[in-house]
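Taking it in order: structure first as structure tokens, then the write-up.
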Ligand code: NAP
């Protein structure tokens, strides 16, 4: 007898969980709920537009979606259009794969001044997320500070640094390309609170700065000397250091229009400005703790950097869902092997989590495959143990209510109409796609005869 599984969220974790379920040989139907009319979550709205190779994973997701027992239920917000209680009643199991859509806060004065924005907002803006497309960013000041040393910090810095010509062939949204073309930013200062050896960004992402057409990457080796690193740490990070040293002593110094400065050992203390951000004050840090476990300890020394735009890039954070247990400190849904656990640590029957909402916002797209596969295997184990139940009529009632509702759910065919329209619009300007960025327009394309 067919079992019915609902997956909430259509990013990598949701699709990888669906893949394991649908390839299990069990008789299953997987319905994937997504609040936007379009799928792919962070791959569409988070991965940098100029990193098309990373986005090509959507071809794998399309193959999973093509399975006859897969259904896309787009433009349906769980918690608003349908409650958890309803889903729980209609499905044998519910997997939450909603990712980490909020951002971590710095918790410093001035953080909320205009001009101080989270990198996640900036990313969502240039990637055309409908909720952020109308946001504005002041790019009139020559200096932008990016706080954080992860790959997102490098993504936003690279997008700020590239020329319009370099960005034109990406799938960056037209509104962002137009704004960036008028940017007056000449210096982008990427600031880590720890040293270069402790940075979270990847080699490839760092190396890319040396290949940009009109950018000079800048690094001061004194900030490495100040870290008092062990030989083991230096060895482990030798390739990264090699790149930074090239930035410090380039074979052929450039006269570039823009510079990206890699600064370290600076912890943000406050953001200062009258009506908007004008300057970030940092504490100079020293590192304490054992090798590979160093922490930044602020000293009395302060360092102020002027900037008209401050992008806070200190990590994503999961968002609580009404009626579902949530660990507010870690920003995740508590779980054991993917089984959601309640306040006493006991599994909540038939409720599961996968991806960033389960384990926090770390790792690359492929890391979610491992995590989601484990969750799906646990669902399958529970299903085989007979601990899941069945109520197909309630599922059908729920889906027909959603279909008939005012907003209208978008199915796979609807998404494919949007996809085709975007690709066609992209062809006209030699881009992979020109995204539709308004929900109303998405819906009119999805439901076009
Ligand atoms: P991340 O890798 O966790 O980096 C967060 C950064 O913020 C760290 O450098 C951290 O420093 C810093 N930070 C945290 N709290 C801070 C504070 N209070 N003050 C100053 N600095 C602070 O996060 P992310 O860049 O958002 O990336 C999320 C995940 O997506 C990562 O796994 C990343 O690799 C992945 N991603 C991958 C790609 C790619 O493959 N191209 C692109 C984008 C994102 P400490 O280390 O000192 O805590």
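Values quoted throughout were computed directly from the atomic coordinates according to the rules given, and no laboratory measurement underlies them. Not measured: the values here are computed from a predicted model. Quick reminder, even Gly has a Cβ in these numbers, built from the backbone with ideal geometry, and neighbours come from all protein chains shown.
What the table below lists for this structure:
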{"quantity": "Two-decimal Rg to Rh for the stretch 21-159 - Kirkwood Rh, Cα set", "calculated": "1.04"}
{"quantity": "Peptide ranges 410-419, 11-20 listed from the most packed, as the mean C-beta count within 10 angstrom indicates", "calculated": "11-20, 410-419"}
{"quantity": "Centre separation in Å (Cα based) which lies between the stretch 248-284 and the stretch 74-131", "calculated": "30"}
{"quantity": "Principal-axis tilt of helix 365-384 within the chain, Cα atoms, nearest 10 degrees", "calculated": "30"}
{"quantity": "√(5λ) per eigenvalue of the Cα gyration tensor, the stretch 292-418, largest first, Å", "calculated": "38, 24, 15"}
{"quantity": "Per-peptide average of other Cβ atoms within 10 Å, ordering 363-373, 176-186 highest first", "calculated": "363-373, 176-186"}
{"quantity": "Efficiency of FRET from Cβ geometry, residue 430 and residue 186, R₀ 25 Å, rounded to 0.05", "calculated": "0.35"}
{"quantity": "Chain lengthening between residue 26 and residue 222 when straightened (0.36 nm per residue, less Cα-Cα)", "calculated": "64.6 nm"}
{"quantity": "Extension reserve of the residue 140-residue 385 stretch, reckoned as 0.36 nm per residue once the Cα distance is removed", "calculated": "82.0 nm"}
{"quantity": "Rounded to 10°, Cα long-axis angle of helix 392-404 versus longest principal axis of the chain", "calculated": "60"}
{"quantity": "Ellipsoid semi-axes in whole angstrom, largest first, where each is sqrt(5λ) of the Cα gyration tensor of the chain", "calculated": "41, 26, 19"}
{"quantity": "Percent of Cα pairs exceeding the 13 Å cut-off, where the set is the stretch 34-83", "calculated": "64"}
{"quantity": "For the stretch 83-162, the Rg and Dmax computed from alpha carbons only, in angstrom", "calculated": "17.3, 56"}
{"quantity": "Tail beyond 24 Å, pair distance distribution of the stretch 237-351 (Cα, percent)", "calculated": "58"}
{"quantity": "Where labels lie 7 Å past Cα in the beta-carbon direction, separation of residue 300 and residue 85 in nm", "calculated": "6.1"}
{"quantity": "Quotient of Cα Rg and 2.2 N^0.38 Å for the stretch 201-289, N being how many residues it contains", "calculated": "1.27"}
{"quantity": "FRET efficiency for residue 168 and residue 239, using Cβ-Cβ distance with R0 set to 35 Å, rounded to 0.05", "calculated": "0.65"}
{"quantity": "Degrees separating the helix 238-248 axis from the principal Cα axis of the chain, which is the longest one", "calculated": "50"}
{"quantity": "Evaluated over the stretch 108-153, the Cα radius of gyration and Dmax, each in Å", "calculated": "11.4, 30"}
